[in-house]
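The values are calculated or read from the model by the stated rules, or taken from the named source; none is laboratory data. If you're wondering where the values come from, they're calculated on a predicted model, not measured in any experiment. Here the Cβ positions follow ideal geometry from the backbone for every residue, glycine too, while neighbour counts run over all protein chains shown.
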Amino acid sequence: MATGMLSRAARARISRCMNPALATPLAHPFRHHRIAHIRSQSTSASAAPLEQYDVVIVGGGIAGSALACALASAKASGAQRIALIEAFDLSNHINWSPRPDQYSNRVSSLTPKSVAFLKRIGVWSELDHSRIAACEGMQVWDGVSGARITFDAADVNGTQSSFLHQVFSGKLPTTTPLNNSSNINSNDDGTTLNGQESPPLAWMTENLHVQRGLQKQIMAHQARGVQLDIFEKTKVQSITANQADSTIAPEVAAESMDISDWPILQLENGKRLQTRLLVGADGVNSPVRSFANIESLGWDYSQFGLVATLQIDPTTSTAPGQGRGIAWQRFLPTGPVAMLPLNNGYASLVWSTTPKIAQDLKKLPARDFCALVNAAFSASPAELEYLYKNIGPNGEPLVDFQQEIEWRASVQDAEPSKTMLRGGANTDAKPPKVVDVQENTRAPFPLRMRNSSSYVEDRVVLVGDAAHTVHPLAGQGLNQGLADVECLARVIEQSLLSGSDIGNIHSLTPYSSERFLPNLAMLGTVDKLSKLYNTDFGPVVWARSLGLTAVDNMGPIKTEIMRFAMGLEEPSSSK
Amino acid sequence: MSLSLSARFPRSLRALVNPTSRAALLKPARTAPCATLFTSSSPLHPPTGKLYEGHIPISPLQRTILAVGSAFTALANPLRGDMVAALGETTGEMFLSRIRDQMLQDPEGRRILRERPKITSETMQLDKLRQLPDGTFGREYVRFLDDQQVSPDTREPVHFVDSEELAYVMQRYRETHDFYHTLTGLPVTVDGEIALKWFEMVQTGLPMTMLSSFFGPLRLTSEERARLFDVYVPWALENGSNSKLLMNVRWEEWMDRPVEDVQRELGVQSCPQA
């Protein structure tokens, strides 16, 4: 389903609750669960019979659907009874058939680790590869000082853990990585797309596209007899901790197995589910998290992200290969602006800025919006500030944007950079010019940072945005969510194989201990980066520019950062 | 911009911020030797072409030598206006780009940057200004020039700023300084200049305009110092925060207006006891 076809309500929802395309795509329009009442005492009236499941996943977003796929595709967990509850119509995903020249505004970058996981659960092959753009390089620079760091896929050499990582993780040479997560390179031969020399840094594709692949795969599992029930277009009305209330399920009490502590979900369509393990994949305002009384810590950035689908003129880029497959990100004092490559001369914009500017940008006429996006990648912050100030209350430009931008660009071009003045060549590559913005793709949403105080509770586990939310600047939100899912599916499978109760908190602890620290490290890193660049205070700009330039010239450290961002290595990855 | 030295040496201060002063007039020929001294290409970074008329591209090493050298020369001989100017230029790039950014926020400032008007005796038509009635901004401005026996044409051109636009901002900053005196009524004295520095700091929010004020008072008599802190500084704090940024003023278009009108429009009051 193209975004253009989204209902007004759905779009409003996107702008209200959706996270940035890059980072936290786990929140998608179809997961705004509302639980009318969350009660800790049991419901007395129970019209419908209680259906029992081993796993109930609340939230059919990418994280929830991916977990359903992962569980269904494994041997032991595939034999369990699984339910997936989604408030919206999942058939929208199955029927999503966009035109080749239309892209949804919600685009995510998938790291090699995420892609390897999607391959393993059979989703990658369901995707239309003409809609996936390989990201071969990244250009990241400081809008205040111009300091720049470039990442190139060719810099990340292949299969083994880098020396620095080996030193820091205490496993010097010889040892092979033990856990699955660091094992991707060796078991994954296909991270190369179209036979390129070095595997891309990431793949860019629409969230809806991944969603469709997941739904297709879920249907395939259902077709081959996996007990995977989908409850769509229905909300969770309440979740009840069935605290040894034997009146609710007398027939259960008779059984030898004690299921009295299994949570019970009352659905809006009248169904009642009781589950051994309740998975919260229900987004940033997770009702499951509220039910489990898990605190969510963090803050809202005073920033909004604005996404849009852009049409670009690749010939205007000065990067090699006309900037094909290059992701561009410039840090402005108001927040980073990023352009992610798509195919066929399209790109996806994620512009983090103040809430006011984000709203203004949404209202600007397309022509002026494009001019301003181009300026955001080239003009001085002072110039941008002037332009922001000259957006009228109804989004009309109060000055001639094109003329003002052209004038400043001509002044800037006349000023040779310091390096040129000293006889060097100016090698800073320029991003392609934006020529148009696809209609109805501009959508603002608030940016947040959240981490749950815990990911597991007895019978309850959180994944994806329900567990953590991150600023989109590093494009890590979806990847973190998929890493959660990959890990949780593995932990559940292992518990089943060893005969433990998958809902027991002790069975879930390995998931929590494996994912909590890496997620926290990523959240912290991204948060610090965001704060570091959210200023134009002289000494800070000087120090961060010095640091960035230094890192850009230190190959091994740069490689390390890339591998970290690509999910090839994780900080303090435990078993 | 490092004005500390100039503050200790009033004439050089005038040469920097007001190069039409006599100090600058006395030594116009000195410019060339000092400039050529540093133009030989550095083995580290051979400089390339000029960016604007009068531009002298220098390498970072040369810049350092020039900054230190000009500082010592100016210390030893406050009459070397060219050296004081060189010091300001070599160290003031950050200051200039901040001023430029402030100008970019304002339609008038942008118009000035776009049209780059120059202030010379020709563009200002000083003779015409002399015909204006007493009390008009233009008449008082010319009176000031005549009293100081200076002309707008004798300013030190900008040499060492590695940016055409910032060189213009520097030029404009120097060229418009005399208008500040006309506007505020502050005299060309050490404490008068320091009062103007305070005023500029409050206006621009840039502490570097203040460096001179930390050292300047050392040279004042206790009477002057008392007047500076009791009268001038409170005036500067109040007026600096209330007035329009003076770099965004197209002074050329205000010449036939009474000084009081200009003051009212710009939100500046005459400095008491000036």
Considering only the range A:363-377, I want to know if a residue exists there that is among the charged types (D, E, K, R) and within 13 Å of another protein chain (Cβ to nearest Cβ).
no
Out of A:Q412, A:Q322, A:Q403, I need the residue that is more than 14 Å from chain B (Cβ to nearest Cβ), outside any loop (DSSP other than H, G, I, E, B) and either touching a helix residue (DSSP H, G or I) at 6+ places or on another chain (Cβ under 9 Å) or closer than 26 Å to B:M103 by Cβ (or both). Which one?
A:Q322
Set A:G345, A:G392: member being of a type in the set (G, A, S) and within 32 Å of the chain's Cα centre (by Cα)
A:G345
Conditions: (1) touching a residue at least 40 places away in the same chain (Cβ under 8 Å); (2) within 14 Å of chain A (Cβ to nearest Cβ); (3) under 16 Å from B:N248 (Cα atoms); (4) among the acidic types (D, E). B:D101 meets all but one. Number of the miss?
(1)
When you scan the range B:190-199, do you find a residue that is within 14 Å of chain A (Cβ to nearest Cβ), modelled with pLDDT under 85 and out of contact with any Pro (no Cβ under 9 Å at 6 or more places or on another chain), even just one?
no
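Restricting attention to the range A:380-400, report how many residues are of a type in the set (D, E) and more than 14 Å from every other protein chain (Cβ to nearest Cβ). Walk me through how you get there before you give the answer.
Quick first cut of the range A:380-400, residues of a type in the set (D, E) only: A:383, A:385, A:396, A:400.
Subset that is more than 14 Å from every other protein chain (Cβ to nearest Cβ): A:396.
Qualifying residue count, the range A:380-400: 1.
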Looking at the range A:100-125, which of its residues are among the charged types (D, E, K, R) and modelled with pLDDT under 90?
A:D101
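Please work out if A:G424 is exposed (fewer than 15 other Cβ atoms within 10 Å of the Cβ) and modelled with pLDDT under 95.
Working: exposed (fewer than 15 other Cβ atoms within 10 Å of the Cβ): yes; modelled with pLDDT under 95: yes.
So A:G424 fits the description; yes.
If you check A:S65 against the conditions, is it outside any strand (DSSP E or B), of a type in the set (S, T, Y) and modelled with pLDDT under 95? It would help to see each step written out before you state the result.
Values: outside any strand (DSSP E or B): yes; of a type in the set (S, T, Y): yes; modelled with pLDDT under 95: no.
No: the conditions fail for A:S65.
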Between a residue in the range A:209-237 that is on the phi > 0 side of the Ramachandran plot and any residue that is surrounded by fewer than 22 Cβ atoms within 10 Å (Cβ to Cβ) and part of a loop (DSSP other than H, G, I, E, B), which pairs come within a Cβ distance under 7 Å, given they are 6 or more apart or on different chains?
A:K233/A:F88; A:K233/A:D89
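Which fully enclosed helices (runs of 4 or more DSSP H) of the range A:502-575 have 2 or more residues being among the basic types (K, R)?
In the range A:502-575, A:505-532, A:555-565 are the helices (runs of 4 or more DSSP H) which contain 2 or more residues that are among the basic types (K, R).
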Is there a residue in the range A:522-533 that is hydroxyl-bearing (S, T, Y), surrounded by 22 or more Cβ atoms within 10 Å (Cβ to Cβ) and in contact with a strand residue (DSSP E or B) (Cβ under 6 Å, 6 or more places away or on another chain)?
yes
Yes or no: A:V140 among the hydrophobic types (A, V, I, L, M, F, W, C), in a loop (DSSP other than H, G, I, E, B) and crowded, with 19+ Cβ neighbours inside 10 Å?
no
